[in-house]
Amino acid sequence: MAHPSQLGFQDAASPIMEELLHFHDHALMIVFLISALVLYTITLMITTSLTHTNTMDAQEVEMVWTILPAIILIMIALPSLRILYLMDEVNNPHLTIKTLGHQWYWSYEYTDYENLAFDSYMVPTQDLAPGSFRLLEVDNRMVVPMESPIRMLISAEDVLHSWAVPALGIKTDAIPGRLNQTTFITSHPGLFYGQCSEICGSNHSFMPIVVEAVPLQHFENWSMTLLSS
């Protein structure tokens, strides 16, 4: 959960988000080193009045400033491609959940169960329980078992939406007439908040997402309770 004056990302709650955080730190360190080198060079050029004649026409210097950027780009591209393939990998999911974006709420359908579906609306401010987050709490949370591969099938019924949960490293567009797919694994139990991240209309900011990760036994009890009601 984000907090006021937070400068960095939310704490990772999935292996993919941990990889994204590591890649962010890796790329940021490269950018910092490049910026420091450029700043040092500019400062040196401004403060030094003498010019060495060999630096004005040197094949070695030209080779360095041609090859070094290529090496830096490779150092950034290889980890990035690895994470992209990891994010697209769907391997034997334990549970499949289909979500539909509406104006302005989400519908969830657990396709592995019969008649297990519900709508998720934002809780109005006047109905919030003590300790609940305004504009983020919903009446029906999406409950998933922790440490289990979950496949999400995401679409929309009317306009463009986007199903995004930052702590899980998920942001997938919900497009009418198209079924997008993503996968995630929650590494620990908890509540993970998100919102529609596509400008979908006047009430765009009022369709939050809450993912509740629980142990497998608690998830089975929750699903049996819903099916029997």
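Listed by number, the DSSP H helices of the chain that run 27 Å or longer by alpha-carbon position along their axis and have mean Kyte hydropathy of at least 0.5 are 15-47, 59-88. From its DSSP helices (H runs of at least four residues, each -39,500 (n - 2.57)), the chain gives a residue-normalised ellipticity at 222 nm of -12000 deg cm²/dmol. Placing unit charges on the Cβ atoms of the charged side chains and taking the dipole of the chain about its Cα centre, the candidate lying farthest along the positive direction among 42, 71, 205 is 42. Sorting 163-170, 183-190, 130-137, 219-226 by average packing, meaning the other beta carbons within 10 Å per residue, from highest down gives 163-170, 183-190, 219-226, 130-137.
If R0 is 35 Å, the Cβ-Cβ spacing of residue 47 and residue 83 corresponds to a FRET efficiency of close to 0.25. Local charge for residue 200 was computed over the other residues whose Cβ lies under 13 Å away, with Lys and Arg +1 and Asp and Glu -1, and equals -4. Toward the positive end of the charge dipole of the chain, with +1 on the Cβ of Lys and Arg and -1 on the Cβ of Asp and Glu, the farthest Cα among 190, 4, 180 is that of 4. Once the chain from residue 33 to residue 109 is taken as fully extended at 0.36 nm per residue, the excess over their C-alpha distance is 22.6 nm. Length gained on full extension, residue 179 to residue 121, computed as 0.36 nm times the residue gap minus the Cα-Cα distance: 18.7 nm. In the range 15-88, inverting the average of 1/r over every pair of distinct C-alpha atoms gives 15.0 Å as the Kirkwood radius. The HN-Hα couplings worked out from phi for the range 179-190 by the Karplus form 6.51 cos²θ - 1.76 cosθ + 1.60 (θ = phi - 60°) are 10, 8, 10, 8, 9, 7, 9, 7, 8, 7, x, x Hz, whole numbers, x standing for Gly and Pro. Take every pair of alpha-carbon atoms less than 8 Å apart whose residues are at least six positions apart; their mean separation over the length of the chain yields a relative contact order of 21 percent.
As an equivalent ellipsoid, the range 117-201 spans semi-axes of 21, 19, 11 angstrom, where each value is the square root of five times an eigenvalue of the C-alpha gyration tensor, largest first. Could you tell me whether the chain comes out rounded, prolate or oblate from its Cα gyration tensor? Rule is a ≥ b ≥ c as square roots of the eigenvalues, rounded for a/c under 1.5, then prolate if a/b exceeds b/c, otherwise oblate. Here the chain falls in the prolate category. Taken per residue, the accessible surface of the range 95-228 reaches 47 Å², heavy atoms only and a 1.4 Å probe.
For the chain, with all protein chains in place and a probe radius of 1.4 Å, 61% of the accessible heavy-atom surface sits on carbon or sulfur. Gain on full extension, evaluated as 0.36 nm per residue between residue 71 and residue 147 minus their Cα-Cα distance, stands at 23.7 nm. If you take the Cα centroid of the range 202-229 and the Cα centroid of the range 17-35, the two points sit 34 Å apart. Rounded to the nearest 20 debye, the dipole size of the range 15-88 about its Cα centre is 100 debye, using +1 on the Cβ of Lys and Arg and -1 on the Cβ of Asp and Glu.
Electrostatic tally near residue 187: other residues with Cβ closer than 14 Å to its Cβ, Lys and Arg +1, Asp and Glu -1, net -4. For residue 119, neighbours were defined as the other residues whose beta-carbon sits under 11 Å from its Cβ, and their charges (Lys and Arg +1, Asp and Glu -1) total -2. In the context of the full set of protein chains, residues of the range 15-88 present 84 Å² of accessible surface per residue (probe radius 1.4 Å, heavy atoms only). Here the simple spin-label model places points 7 Å from the Cα toward Cβ, and for residue 202 and residue 5 these points are separated by 3.8 nm.
For the pair residue 25 and residue 226, a Förster radius of 41 Å applied to the C-beta separation gives a FRET efficiency near 0.50, rounded to the nearest 0.05. Roughly how many Å is it from the Cα centre of the range 124-156 to that of the range 63-105, as a whole number? A separation of 25 Å, based on Cα centres. In this Cβ point-charge picture (+1 for Lys and Arg, -1 for Asp and Glu), the range 1-139 has a dipole of about 440 debye about its Cα centre.
The values are calculated or read from the model by the stated rules, or taken from the named source; none is laboratory data. These figures come from a predicted structure and were not determined experimentally. For neighbour counting, all protein chains shown are included, and Cβ atoms are generated from backbone atoms with ideal geometry for every residue, glycine included. With ligands, DNA and RNA removed, areas are computed over all heavy atoms of the protein, side chains included. Shrake-Rupley method; radii C 1.70, N 1.55, O 1.52, S 1.80 Å.
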